[in-house]
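Since every read-out is calculated from the coordinates, none of them should be taken as a lab result. Because the structure is a prediction, the values reported are computed rather than measured. We place every Cβ from the backbone using ideal geometry, glycine too, and count neighbours over all the protein chains shown.
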Amino acid sequence: MITRRNALKSLSLVAGSTLLPASVTTASEKQNNTVFSYCLNTSTISGQKTGFLKEFEITAKAGYNGIEIWIRDLQQYVEEGGSLADLKKKINDLGLKVENAIGFAEWIVDDENQRMKAIEQLKREMELVSQVGCSRIAAPPAGAYNVTLDLFKVAARYREILELGDQSGVIPVLEFWGASTSLYHISQAMFVATAANHPKACILPDVYHMFRGGSGYESLKQISGNAIEVFHFNDFVNTIPREKQTDSDRVYPGDGAAPFRQIITDLYHAGGTKILSLELFNKTYWEKDALEVAATGLSKMKLLVEETMRIITH
């Protein structure tokens with residue numbers, strides 16, 4: 001396993017075309033103990049309303065080896081009588097891994113009563129997702145969208161939920177939202193992650209949120225190893241002012257203006273596990289066949305990685 005101290009190592013080419021498996025470890029990668037893999041956040045095909053179980057089938061058929069689920073969907077599945085044991089078996093049979101779960105517990109807020117309720121909520125959600133083999137849960141600034149917070153206090157609160165995760169084996173991954181006022185910049189997220197002073201502290205960047213919040217992408221050169229494991233891949237258009245863009249404006253990676261060659265190069269040099277997860281909320285894609293959308297997104301991500309790695313390695 002790569003640690004932060006020795007994580008500045010190479011990450012080799014994976015998956016050159018849609019005919020290749022979603023995750024491929026080359027000889028160079030084996031030597032450096034690094035890997036890129038591909039994941040589908042189910043928001044990308046949520047508008048088609050195929051149904052929770054069908055989303056797993058579509059993800060696997062499209063060629064992904066990972067999936068990001070939404071806790072509300074998992075909770076609904078259980079409430080309607082679904083078996084977590086049966087679901088875990090289905091996931092395993094499909095050759096998938098639940099890489100992350102998206103939830104909105106308000107762990108970050110100043111109000112102590114609200115925060116304590118959120119901690120209990122997060123504890124239940126961690127226990128729930130762990131039963132389907134998921135070892136990560138998103139920890140965004142939910143509940144603190146239009147306020148400013150003391151980042152030292154946020155770091156202490158993040159450490160608290162990291163310690164909570166130690167009990168369930170589920171790591172809360174610090175997410176920042178570009179349009180929020182409390183945690184919108186990658187530098188804030190890294191400050192919180194380092195100030196938390198916990199060995200499993202990590203952040204969840206997003207191409208769109210980095211653009212929307214004004215982070216830029218040069219900062220990725222400063223972040224190595226396991227500080228970033230999951231990275232939400234999508235793209236933004238340059239025809240809409242940054243401050244006016246919304247989640248639904250996201251497009252397929254490579255179809256917009258994001259500097260993916262730079263992003264992928266910096267992730268390569270950072271080393272460690274890099275799970276590239278397609279997260280879109282584009283309503284025009286929701287009007288198309290869900291499998292087509294999932295497969296198209298995977299193909300575009302692989303192509304970007306392949307093209308970048310060809311330049312790096314030659």
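A few points about this structure:
- Taking the DSSP bridge list for region 4-312 and keeping only pairs wholly inside it, about 5 percent are antiparallel.
- For region 44-122: rounded, prolate or oblate by the Cα gyration tensor [a/c cutoff 1.5]: prolate
- Peptides 46-57, 168-179 ordered by average Cβ neighbours within 10 Å, highest first: 168-179, 46-57
- All Cα-Cα distances of region 46-191, cut into 10 Å bins from zero to the largest, leave 11, 39, 31, 17, 2 percent in each bin in turn.
- For the listed peptides 77-88, 215-226, 189-200, 291-302, a ranking on the average number of other beta carbons within 10 Å per residue, highest first, reads 291-302, 189-200, 215-226, 77-88.
- Working note: Karplus 6.51/-1.76/1.60 with θ = phi - 60° gives region 216-229 the couplings x, 10, 5, 4, 4, 5, 9, 10, 10, x, 7, 5, 10, 10 Hz, where Gly and Pro are set to x.
- Share of pairwise Cα separations in region 201-275, more than 15 Å, in percent: 52
- Inter-label distance, nm, simple model (7 Å from Cα along the C-beta direction), ASN238/HIS314: 2.6
- The length gained on full extension between SER187 and LYS88, counted as 0.36 nm times the residue separation minus their Cα-Cα distance, comes to 32.0 nm.
- Links that overshoot a 25 Å alpha carbon limit, given the list LYS88/LYS153; LYS274/LYS302; LYS97/LYS302; LYS61/LYS300; LYS54/LYS89: LYS88/LYS153
- A simple charge model with +1 on the Cβ of Lys and Arg, -1 on the Cβ of Asp and Glu and nothing else charged puts the dipole of region 227-314 at about 160 debye relative to its Cα centre.
- Taking 14 Å as the straight-line reach from the Cα of LYS117, the aspartates and glutamates in range (excluding those fewer than 8 positions away in the same chain) are GLU106, GLU125, GLU160.
- The amide H of LYS97, built 1.01 Å from its N in the peptide plane, has GLY66, ILE67 as neighbours under 5 Å, considering only residues 5 or more places off or on other chains.
- Three-way shape label, region 4-312, alpha-carbon gyration tensor, a/c 1.5: rounded
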